Each structure stands twice: as C-alpha cells, then as structure tokens.
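Asks: I'd like to ask you about the structure that follows.
The values are calculated or read from the model by the stated rules, or taken from the named source; none is laboratory data. Because the structure is predicted, anything quoted here is derived from the model rather than measured. With ideal geometry, Cβ positions are generated from the backbone for all residues, glycine too; neighbour counts draw on all protein chains shown.
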Amino acid sequence: MKWVTRAHVHVDRTACPWLIKRFIDPKAEFLFLPLDEIPVAVKHKAIPYDCPEVELGHHGEECSFDAIVKKYKVTDPAVLELAKIVRAADTDSYDLAPEAAGLEAIMSGIAYGSKNDQDAVKKAKAVYDAFYIHCKLKALRIKHSKELELMDKAKKRQFLRTKLKGK
C-alpha cells in the first residue's frame, strides 16, 4: 500500500512510517510530496496522513500518530506511551512527556542532516525502535519495582532484558 504526506519530514512524519511499517503494513511505501501534489497521489489510492483536513491528521491536541493508532486499533501499551512522546514533541507540548524535547532535537538533526525525506525516515527508524523499547522498559520498571529494588545493576539489566524478550 502507498501512503502519502507532506515533504520535509520532522517528528510526526518520521514517527508515522515507523508505526505503519511495524504495526499496520510492513510493505508500506511512502511518498513525500509538496502539499499541492498530494490530491493526485490520493486519486491513485495513496493513503494521506499528516496533511490538512485528512482523517489521519492532527485533530485537536492529537497528532497524526494518534490518529493512526486509533484508526488501526493499535493497543500495544508501549506504542500508546510512545504516542504521548510523539504528540508532545510534535506539538511543542514538552510538559506531556519528559522525553519530548530530546525526540524533537534528534528529529531536527535527522531531518536537516539527511539527503532527503526517505533517508530521514530510514535513519529515524532506529530512534523510534529505541524509544519503543524505552517505553516497554518504563512499564516493566513500574510493574517489577519491588523486585528490582533488591537487585544490583547487572542483575537488573539481565532481568529487564529477559522480560523484554517475553520470558
């Protein structure tokens, strides 16, 4: 399936491809076009996101990442936590998530340091993979806080690695 959005990616437009490929459409292809060219791509069955007046765009305080999570019923708790970080970074609402300023800074560096939008999305994948694991770790640390208090650093690390693998 083809997906289309505005050119010159940043936080939301790098997060959405990661979300789509990882949880919705592993074979997804992405087009990054000037705003006036997006209707042509849509006529050719590309799904628009993060554009004005589209279903998978900003609505109220939520960003396109949130809209995709809702439409495609992504319920993974780590994705829902990541959605808060993406929303906070994309909307400059840094009080929503302490990680948001860091994500915004990293995505600015990737966006400006990449040769094009495809390159930026490719580079951003590792960042969103890392934030996804970070979100899983946050939940594990809360769930197992009493056990973790009794462990030294090395045992905590091994315990959390094992839990991340689902054991």
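Asks: Inspect segment 119-135 for any residue being aliphatic (A, V, I, L, M), farther than 19 Å from Asp12 by Cβ and modelled with pLDDT of 95 or more and give the result as yes or no. Please lay out each step first, then the result.
Replies: Filtering segment 119-135 down to residues aliphatic (A, V, I, L, M) leaves 120-121, 124, 126-127, 130, 133.
Remaining after also requiring farther than 19 Å from Asp12 by Cβ: 133.
Adding the requirement that they be modelled with pLDDT of 95 or more leaves 133.
Yes, segment 119-135 contains a residue that is aliphatic (A, V, I, L, M), farther than 19 Å from Asp12 by Cβ and modelled with pLDDT of 95 or more.
Asks: When you look at Ile47, is it over 17 Å from the mean Cα position of the chain (by Cα) and at pLDDT below 95, yes or no?
Replies: On the way: over 17 Å from the mean Cα position of the chain (by Cα): yes; at pLDDT below 95: no.
Spelling it out, it is not the case that Ile47 is over 17 Å from the mean Cα position of the chain (by Cα) and at pLDDT below 95.
Asks: Among the residues that make up segment 108-130, is at least one of them in contact with an Asp or Glu (Cβ under 9 Å, 6 or more places away or on another chain), surrounded by 13 or more Cβ atoms within 10 Å (Cβ to Cβ) and among the basic types (Lys, Arg)?
Replies: no
Asks: Being more than 27 Å from Ile133 (Cβ to Cβ) and of a type outside the set (A, V, I, L, M, F, W, C), is that true of even one residue in segment 67-86? Full working, then the answer.
Replies: Of the residues in segment 67-86, the ones more than 27 Å from Ile133 (Cβ to Cβ) are none.
Checked against the condition, which is being more than 27 Å from Ile133 (Cβ to Cβ) and of a type outside the set (A, V, I, L, M, F, W, C), segment 67-86 yields no hits at all.
Asks: Is it the case that Lys70 is touching an Asp or Glu at 6+ places or on another chain (Cβ under 9 Å), modelled with pLDDT of 95 or more and among the charged types (D, E, K, R)? Explain how you work it out, then say what you get.
Replies: On the way: touching an Asp or Glu at 6+ places or on another chain (Cβ under 9 Å): yes; modelled with pLDDT of 95 or more: yes; among the charged types (D, E, K, R): yes.
Here the answer is yes, as Lys70 does meet what is asked.
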